[in-house]
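Let me begin by presenting the structure, written as structure tokens, before commenting on it.
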Amino acid sequence: MPKAILFDLDDTLLIDDSATHATFEAVAAMVGEGRPGLAEVAMAKCVELWKAGVMYPFCRSIGIHGYECVWGNFAGKDPRYERLAAWCPGFRIDVWYQALEETGLGDRERAQRLAELYPGERRKRLDLMPDALEVVRGLREKYPVALLTNGAPSLQREKIAACALEAEFDAITISGELGIGKPKPEIFRATADKLGVAVTDCVMVGNSLERDIAGGNGVGMATVHLVIPGAREEGSGVPTETIHALSELPAVVAAL
């Protein structure tokens with residue numbers, strides 16, 4: 001029987017992937033003269049340039065995606081956050097400039113305008129998944145609950161604050177604050193320790209087969225995979241249970 005529940009944040013409790021798509025589409029429409037495919041090309045360029053960039057190894061280790069580098073504010077004690085913050089402005093312009101070039105609108109000034117518009121538009125789309133708050137509150141009446149998320153401390157804390165989530169959890173663990181990210185076993189153990197329970201008595205709930213499910217499995221947790229419609233999840237993790245909506249979670253946890 002479970003003694004604690006751990007939740008991932010992005011695309012588990014907080015809408016992420018669809019909000020990213022919607023923001024690229026909205027910003028492209030503002031300055032892109034309705035150029036077909038501009039948003040899709042910009043998203044592809046974002047991933048391509050992020051993976052080729054000098055900050056990719058650090059981002060990958062903490063769990064910062066390129067889609068976050070086009071809008072996040074990065075601050076922290078680690079000097080690598082300073083380097084990331086200094087790298088992002090040029091990266092953001094390059095993403096849009098290369099996308100504009102590929103769609104026949106190559107213009108550095110236009111690219112800068114798109115890069116400047118994106119962060120504000122993305123912040124307008126910070127919102128919770130359906131039933132997220134109700135499910136967390138309901139489970140917290142029976143179990144301690146923790147938030148376990150990969151990402152930069154400043155950005156993840158901003159997301160948590162924007163959705164008023166901080167008071168809903170007994171513990172919050174952010175990979176960037178520890179210097180290690182999911183699926184590393186240490187971050188799962190550290191979160192269980194905060195709750196005062198054995199790691200094997202926890203249930204990990206998340207959308208990522210690689211980070212949440214394989215990581216949770218690796219320390220002996222039961223795992224629940226939240227399937228996001230249209231998402232192409234890669235990873236070898238095999239969940240204990242699978243759900244397609246958070247509203248299904250309380251019954252699944254009760255049956256474990």
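The values are calculated or read from the model by the stated rules, or taken from the named source; none is laboratory data. Computed from a predicted model, the values in this text were never measured in an experiment. Glycine also receives a Cβ, built like all others from the backbone with ideal geometry; neighbour counts cover every protein chain displayed. For the accessible areas, the whole protein counts, side chains as well, though only heavy atoms, and no ligand, DNA or RNA atoms are used. Shrake-Rupley method; radii C 1.70, N 1.55, O 1.52, S 1.80 Å.
Cβ-Cβ distance of K124 and L178, R₀ of 25 Å, FRET efficiency by 1/(1 + (r/R0)^6): the value works out to about 0.25.
Hey, with R₀ at 22 Å, roughly what FRET efficiency would E33 and E116 work out to, going by the Cβ-Cβ distance, to 0.05? Using R0 = 22 Å, I get an efficiency of 0.80. Work out the FRET efficiency for N73 and E134 from their Cβ-Cβ distance, taking R0 = 25 Å, and round it to the nearest 0.05. Efficiency at R0 = 25 Å is approximately 0.25. A simple spin-label model places pseudo-atoms 7 Å from Cα toward Cβ; at T240 and S18 they are separated by 2.8 nm.
With point charges of +1 on the Cβ of Lys and Arg and -1 on the Cβ of Asp and Glu, referenced to the Cα centre of region 140-256, which listed residue (L246, L195, G218) lies farthest in the positive direction of the dipole? Checking the options against the dipole of region 140-256, the answer is G218.
I need the shape label for the chain. Rule: rounded when a/c is under 1.5, else prolate if a/b > b/c, else oblate, with a, b, c from the alpha carbon gyration tensor. Prolate, because a/c is 1.5 or more and a/b exceeds b/c. In the context of the full set of protein chains, region 1-121 has a per residue accessible area of 44 Å² (1.4 Å probe). Loop-located trypsin sites (Lys or Arg not before Pro) across region 62-117 with a Cβ neighbour count of 13 or fewer within 10 Å are K77, with loop assigned by DSSP.
Report the far tail of the P(r) of region 119-207, meaning the percent of Cα-Cα pairs longer than 22 Å. Above the 22 Å cut-off, region 119-207 has 29 percent of its Cα pairs.
Highest mobility in the GNM of the chain, judged by mean-square fluctuation with C-alpha springs under 10 Å and restricted to V31, V224, V199, is found for V31.
Which of the three applies to region 136-256, rounded, prolate or oblate, going by the alpha-carbon gyration tensor with a ≥ b ≥ c and a/c under 1.5 meaning rounded? Taking the square roots of the gyration eigenvalues as a ≥ b ≥ c, region 136-256 is rounded.
Per-residue ellipticity at 222 nm computed for the chain from its helices equals -15000 deg cm²/dmol, with DSSP H segments shorter than 4 residues left out and the rest contributing -39,500 (n - 2.57). Calculate what fraction, in whole %, of the accessible area of the chain sits on carbon and sulfur atoms when a 1.4 Å probe is rolled over the protein chains. Here it works out to 51 percent.
Database remark: amide H of I172 closer than 5 angstrom to the amide H of L147 (H placed geometrically; neighbours at sequence offset of 5 or more, or on other chains; Pro and chain starts carry no H).
Judged by the gyration tensor of its Cα atoms, with axes a ≥ b ≥ c, region 62-139 is oblate; a/c meets the 1.5 cut and b/c is at least as large as a/b.
Pairs from the list K45/K194; K3/K51; K159/K182; K3/K124; K142/K184; K77/K184 with a Cα-Cα gap above 30 Å: K45/K194; K3/K51; K3/K124.
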